[in-house]
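The values are calculated or read from the model by the stated rules, or taken from the named source; none is laboratory data. Fair warning: this is a prediction, and the values are worked out from it, not measured in the lab. Glycine gets a Cβ as well: all are built from the backbone with ideal geometry, and neighbour counts include every protein chain shown. Please note that ligands, DNA and RNA were not included when accessible areas were found on the heavy atoms of the full protein model with its side chains. Shrake-Rupley method; radii C 1.70, N 1.55, O 1.52, S 1.80 Å.
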Amino acid sequence: MVDRFDLIVVGAGSAGCAAALTARKDGLSVLVLERKPFERIGDKACGDCMEEMELDWTREVLGVDLEPSVLARGLGGRVYTSDWRSHLRVPESVCPRALVDRPRLGRILRDAALESGAEIRSGVRVSDWILEDGAVRGVRTSQGEIRSRVCIDASGARTGLRAKVDLPGQFLERFDGEGRMAFAYRENLRLEKAVEHPRDIAIAYDLAASNGGYVWYFPYAPDWVNAGIGGIAAALPWSKRLDADLEARGLKVAEREVRGGAFLPARTFLSCAVAPGFLACGDAACCVGPLDGAGIHSSMLSGHLAARQASLALSRGEPDLRSLWGYHRAYLGYRWKDRIVDHGAGISALEALRPMLQKVSQRDFDTLVGHARSSTVEALYKLDLRAVPRLLAVVASLVRRPALAWRIGGGLLLLTRLRNHLLRYPDSPEEFPPWERQLRRILRSASIPVTPEVQT
């Protein structure tokens, strides 16, 4: 006998559990499939950092209190030059941050999904989708076939499952593109003495050591930190490079508690994340900050919105392409209480800056940090009209470095152009091809590699 559900969610991470919670609130029968053992659900190499506002959102929208996982809150931030001598401070009043116990957060979400009535089957590997009559109709697993009316892929980065949704005549972006994947390595460390600023997270953009990324130190406590290094994915000795930075800063390790690495997307949200009977969310849909790798909240939000769209489609009949299409605009233009504004578009557009940052010299980047202000960081994330004067002020302050000013100014214009284009996501599948061609032109102008155009 073949199992049947309204919704199958592949992956019990933050995106998958948020999807399951939302679908159960809408009255759907939900099965979550997870390849990890039950007790390891939630384990993930992560920087463990969230904005405090995101904790509020999870409590009010998903109905889940993550407070038991919070280890520190009310943190500010410092962006350092590569030599750790100069920095830009972002006060906690601008963007208060919290550090969480990531495994415990994952298990809180897991248990909430179970309590909502979702079924979770762990230790199950999904190998393929059931494709019938031009739609996804279920999954093939290590325990047999399971059918559903709609499926959500929340399986994470690099599982390859999205690539297997090979349906003729569809727009789904099945591949990520070369050079658009990052790798992050982190360790939880007990130090022999306290860090200098235990109430601030700290990052330094050492472009060479991190392959265009950064080194971070996020303090759970004065002598207990999440330390890591990440950048564009490459076969590099990441752990040795982190050790070198620790030594350069004079930080001596008393105990190494946890270590590990993970691949994550470093690109825009998928140009198309749906197909008949199918939606992708979380890392599987590239819902991650292209510059900073932040993704806990984006994953939960995308899972929530994917499930909401699936529920709406099922209430209207068949979950075909047209009925699932609204998911894109919901994510790209998501707003909440004026505290979250155009979430998906704002984060995705930051990819326009990454090629530019990889091309600038370390000296130029350190100069940029010296000229920026804390409000500049806030402006980069909000990118509304009020942000323009702050961003232009940074460019103007580089009058003695005209080449750098020109490069930064050009990057900001591309960023704004990309964000605005994402916010004009087409209302229907028929309008997608010309919109997608324009997206490709914008990405190419920013020197971002794109995947081959979908042939329908």
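Tabulated values for the structure
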quantity	calculated
Cα-projected label distance for Arg140 with Glu115, points at 7 Å along beta-carbon direction, nm	3.9
Per residue accessible area in Å² of segment 96-170, where ligands, DNA and RNA are left out and the probe is 1.4 Å	42
Within the chain, longest stretch clear of exposed GluC sites (Glu not before Pro) (DSSP loop, no more than 12 other Cβ within 10 Å)	193-452
Long-range amide H partners of Thr141 with built H, under 5 Å	Ser127, Ile146
Sum of side-chain charges, Asp427 neighbourhood, beta-carbon under 12 Å (Lys, Arg +1; Asp, Glu -1)	+1
Dimensionless Rg ratio for segment 7-53, taking C-alpha atoms and the 2.2 N^0.38 Å reference	1.31
Full-stretch length increase - Ser447, Arg4 - with 0.36 nm per residue and alpha-carbon distance subtracted	154.9 nm
Paired Rg and Dmax values of segment 198-295, which use every Cα atom, in angstrom	16.2, 55
For segment 235-370, the spread of Cα positions along each principal axis, largest first, Å	62, 35, 33
Neighbourhood charge, 14 Å Cβ-Cβ cut-off, centred on Ala313 and excluding it, Lys, Arg +1 and Asp, Glu -1	0
DSSP-defined beta bridges in the chain - what % are antiparallel, rounded to 5	70
Average accessible area per residue (Å²) across segment 202-348 - probe 1.4 Å, nucleic acids and ligands excluded	33
Trp84 accessible area, assembled protein chains, probe 1.4 Å, Å²	40
Amide hydrogen neighbours beyond the local backbone of Val32, cut-off 5 Å, H modeled	Val9, Glu119, Ile120, Arg121
Ratio of the Cα radius of gyration of segment 255-334 to 2.2 N^0.38 Å, where N counts its residues	1.28
Per principal axis, descending, Cα span of segment 399-446 in whole Å	49, 17, 7
Cut-off under 5 Å, modelled amide H: who pairs with Ala233 long-range	Met181, Ala182, Phe183
Cα centroid separation - segment 218-278 against segment 51-78, whole Å	21
Reciprocal mean inverse distance between Cα atoms of segment 82-213 - Kirkwood radius, Å	20.0
Contact order relative to length of the chain, as percent, for alpha carbon pairs under 8 angstrom and 6 or more apart	17
Per residue convex hull volume, Cα atoms of segment 33-87, in Å³	151
Between 0 and 90°, nearest 10: helix 402-423 axis offset from the chain longest Cα axis	20
J(HN,Hα) series, segment 28-45, from Karplus relation 6.51 cos²θ - 1.76 cosθ + 1.60, nearest Hz, glycine and proline x	7, 7, 10, 10, 10, 10, 9, 6, 6, x, 4, 6, 9, 4, x, 5, 6, 5
Rg in Å to one decimal, and Dmax rounded to a whole Å, for segment 1-131 via C-alpha atoms	18.1, 66
In Hz, Karplus ³J(HN,Hα) per residue of segment 48-55 (6.51, -1.76, 1.60; θ = phi - 60°; x = Gly, Pro)	6, 10, 9, 7, 4, 4, 5, 5
Karplus (6.51, -1.76, 1.60) ³J(HN,Hα), θ = phi - 60°, over segment 110-116, in Hz, Gly and Pro reported as x	4, 5, 5, 5, 4, 5, 6
Solvent exposure of segment 1-93 as accessible area per residue, Å², 1.4 Å probe	40
Assigned charges on the beta-carbon of Lys, Arg, Asp, Glu; the chain dipole about Cα centre (debye)	960
Partner lysines for Lys44 [C-alpha distance under 18 Å; skip if fewer than 8 residues away on the same chain]	Lys36
Heavy-atom accessible surface of the chain: percent carbon and sulfur, 1.4 Å	50
If the convex hull is drawn through the Cα atoms of the chain, its volume per residue in Å³	132
All-pairs Cα distance distribution in segment 125-167, expressed in whole percent, bin size 10 Å	28, 62, 10
